[in-house]
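Take a look at the structure below.
The values are calculated or read from the model by the stated rules, or taken from the named source; none is laboratory data. As the structure is a prediction and not an experimental result, all values here were calculated from the model. With ideal geometry, Cβ positions are generated from the backbone for all residues, glycine too; neighbour counts draw on all protein chains shown.
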Amino acid sequence: MNVLIYGLGALGAIAVFLLPIRCGQLLWSALSCPAKRNRGKMISAIAFVVAWVAWAGYDVISSIVGCFTNSYCGPGVGSVWIYLAFFGLIYVCFELLVQTLQWLLNKGIF
């Protein structure tokens, strides 16, 4: 269990910087899509995924920022690791959603 929390926590710490870069890459790929028919679908799908990440990650990010700026972080010593693990899990779900949506768009299903 500790390995899972520390692994997802490390991924969450990296995802704090990686998520905005990844969203920018997705938006750039949607705007440079040659097929106008798929461009609107891609932009709406990316907007949905980014809105989901913003909704799901708001409390977690505010807790992480609170841990680094306040003297009280949470009930335990490893609370920041748990918050980072939650954000890492949100990032894994984000990547799974993005990969699934891109696969569906490439197959023409969506």
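Quick notes
- Tally of residues being surrounded by 14 or more Cβ atoms within 10 Å (Cβ to Cβ) and either over 10 Å from the mean Cα position of the chain (by Cα) or at pLDDT below 90 (or both) across region 75-88: 9
- Gly108 being under 14 Å from the mean Cα position of the chain (by Cα) and either farther than 24 Å from Ile5 by Cβ or modelled with pLDDT of 80 or more (or both): no
- Looking only at region 21-33, and only at residues there that are closer than 10 Å to Val50 by Cβ and free of Cβ contacts under 8 Å to residues at least 40 places away in the same chain, the one that is surrounded by the most Cβ atoms within 10 Å (Cβ to Cβ): Cys23
- Condition met for Tyr91 (more than 17 Å from Gln25 (Cβ to Cβ) and crowded, with 17+ Cβ neighbours inside 10 Å): no
- Enumeration of residues in region 22-64 that are at pLDDT 85 or above and of a type in the set (Val, Ile, Thr): Val49, Val50, Val53, Val60, Ile61, Ile64
- Considering only residues in region 1-18 that are among the hydrophobic types (A, V, I, L, M, F, W, C) and modelled with pLDDT under 90, the one that is surrounded by the most Cβ atoms within 10 Å (Cβ to Cβ) turns out to be Val16.
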